[in-house]
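Have a look at the structure below, then the notes.
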Amino acid sequence: MNRPIPPRRLFVSLLLSCAVLVGATACGGNDSGTASSSASPSATSSAEAQKFAKTRFVANAGLAAGATYQWIVKPYRAGKFKKGADGRTFALVKAGLAGGFTYNRLKAAVANAKGDPLLSKAVAPLTAGIESLKGLGSKLRKGEAGAGDVGAFEGVINGIKDAGRSAGAEVKDKVPTTAQLGG
């Protein structure tokens, strides 16, 4: 007695078969340790490279801005960093992680900006400000940061946003997840 196979079961089996085939293809073959020429990326034009540079700049700067606002500026203004505040330790740890994350994403944004001449010129004056943020993550984590330190984060982020806007790459805050902060 032949019963029809449900479409869902067919779809799942097809999906699993494709996954096995792709996995076997990716794992097998070239034992010499060099990549095959068919897997090499194709060249992009300078216009495409500039477009991607702006896109990556906007993404990295947006994540930095979102992390700064969500886990440094907002809790500071709410008084979460003051001694005796509810959830102070947790807020300080998150702020420290956000500080390190922000520094990392800003460095990546500056590296991305080098792919676009206009954006590179706009961001160049901000590199010293970004470097000044290097140790503030651990300072925040230890609870040693004050209004000037929080203001430094805010000032650098505003500078990056203005530089992006002047180069035609508008930066909008994008709050990273807690998992993104940690690793």
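Here Ser132 fulfils each of the conditions (1) within 22 Å of Asp162 (Cα to Cα); (2) surrounded by fewer than 22 Cβ atoms within 10 Å (Cβ to Cβ); (3) of a type in the set (Gly, Ala, Ser); (4) touching a residue at least 40 places away in the same chain (Cβ under 8 Å) apart from (4). Out of the residues in segment 155-183 meeting the condition of being of a type in the set (D, E, K, R) and open to solvent by less than 80 Å² (accessible area, probe 1.4 Å), tell me which one is farthest from the chain's Cα centre (by Cα). Residue satisfying both the conditions and the ranking: Lys161. Is there a residue being assigned to a helix (DSSP H, G or I), among the basic types (Lys, Arg) and open to solvent by 60 Å² or more (accessible area, probe 1.4 Å) anywhere in segment 108-121? Scanning segment 108-121, I find at least one residue that is assigned to a helix (DSSP H, G or I), among the basic types (Lys, Arg) and open to solvent by 60 Å² or more (accessible area, probe 1.4 Å), so the answer is yes. Checked against (1) part of a loop (DSSP other than H, G, I, E, B); (2) over 17 Å from the mean Cα position of the chain (by Cα); (3) small (Gly, Ala, Ser), Ala152 passes all but a single condition, namely (1). Within segment 125-146, the set of residues being more than 10 Å from Leu92 (Cα to Cα), among the small types (Gly, Ala, Ser) and at pLDDT below 85 comprises Gly135, Gly146.
Does Val93 satisfy being assigned to a helix (DSSP H, G or I), touching a Phe, Trp or Tyr at 6+ places or on another chain (Cβ under 6 Å) and surrounded by fewer than 22 Cβ atoms within 10 Å (Cβ to Cβ)? Against the criterion (assigned to a helix (DSSP H, G or I), touching a Phe, Trp or Tyr at 6+ places or on another chain (Cβ under 6 Å) and surrounded by fewer than 22 Cβ atoms within 10 Å (Cβ to Cβ)), Val93 does not qualify.
The values are calculated or read from the model by the stated rules, or taken from the named source; none is laboratory data. Please read all numbers here as calculations on a predicted model, not as lab measurements. Every residue, glycine among them, receives a Cβ derived from its backbone with ideal geometry; neighbour counts consider all protein chains shown. Just the protein is used for accessible areas: all its heavy atoms, side chains included, with ligands, DNA and RNA removed. Shrake-Rupley method; radii C 1.70, N 1.55, O 1.52, S 1.80 Å.
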